[in-house]
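Take a look at the structure set out below.
No lab work stands behind these numbers, since they all come straight from the coordinates. Everything numeric here is computed off the predicted structure, so don't read it as measured data. Using ideal geometry, Cβ is built from the backbone for each residue, glycine included, and neighbour counts are taken over all protein chains shown.
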Amino acid sequence: MKVLIILFSLTFTIGYSQKLYDFDYIMEYDAMIFYEKPVKIRNQRYKVSKQNVKRYYLINSKQNEYYAIISEEDSLNYKLVFQDHKRKLFSNAVILKSELNDADLINMNCRDIRGLLNPLHLNRLKKEDFDHIKLKDTLINNKSFFHYKYSCNNSKKRKRKKIGTFYFIIDKSSNFDLPLFRNLDQYEKWILNEMIPMGLIKEIYYIDYYGKLRYTEKLIDFIKTGKKIYMPKSCGLTEIIIE
């Protein structure tokens, strides 16, 4: 879950030049969130213990330093989340469905752009505390896939902070060159150790410290696209998004 911190006494300002982000694929994923306790979901009259969400990723198959996620906000609007790992930028905007469906170029507004921090630092954790570990290949519909996990290798910190584990199922036969990581810490760890095989992530799931399944995300389909996101010239950022 992302936490928004507003800095009242300190202004966090970064300068960056305008940039045009290119995307060549839209990836459709089916996400399922499992709650520890039943929660009230908007527009539902009762509490639920799990929630199904459709997510559409805008990606560049030749580089994995940025991505965007499109999900339904309401009957008229989409929520568009954009993240640039390398430049540490984040944006969360609401866009009319009619505008986004027809647009090849999406202009980002400065008011929606935030700086991005890695939560490991605030939790007194280091990249060295985590590893991508290869597991035995897994079979899905008689097809073999790479299977990796991303976990804390420091047992004391893992126990003290109740850290769970991410698992990745990667299509070894896909034409996609790079795996896409939503979390900044996973991406930065991958940059330091590119031992994870190239390929399309078919499935992600997260198991908490107590062994409970909390999240899954499964690839449904993908199509070609030519959409672009335009980032304006430098904006003064007074808010920080922590993943």
Exercise. Sorted from fewest to most neighbouring beta carbons within 10 Å, what does the list C152, C110 look like?
Worked result: C110, C152
For this session: Could you work out which residue, out of K47, K19, K159, moves most in a Gaussian network model of the chain, that is, has the largest mean-square fluctuation with Cα springs under 10 Å?
Result: K47
For this session: Answer with one residue from L76, S61, M32: the one whose Cα lies farthest towards the positive end of the charge dipole of segment 30-89, charges on Cβ with Lys, Arg +1 and Asp, Glu -1.
Result: M32
For this session: Would you list which lysines come within 22 Å of K202, measuring only between C-alpha atoms, while excluding same-chain residues fewer than 8 positions from it?
Result: K50, K54, K62, K134, K136, K143, K149, K172, K189, K212, K218, K224
For this session: Mind pulling the per residue volume of the convex hull built on the Cα atoms of segment 121-220? Å³ is fine.
Result: 110
Seminar exercise, completed: Cβ density ranking, 10 Å radius, fewest first, applied to F166, F130 yields F166, F130
Exercise. Using 0.36 nm per residue, how much length does the chain from V48 to D137 gain when fully extended, once their Cα-Cα distance is taken away?
Worked result: 28.7 nm
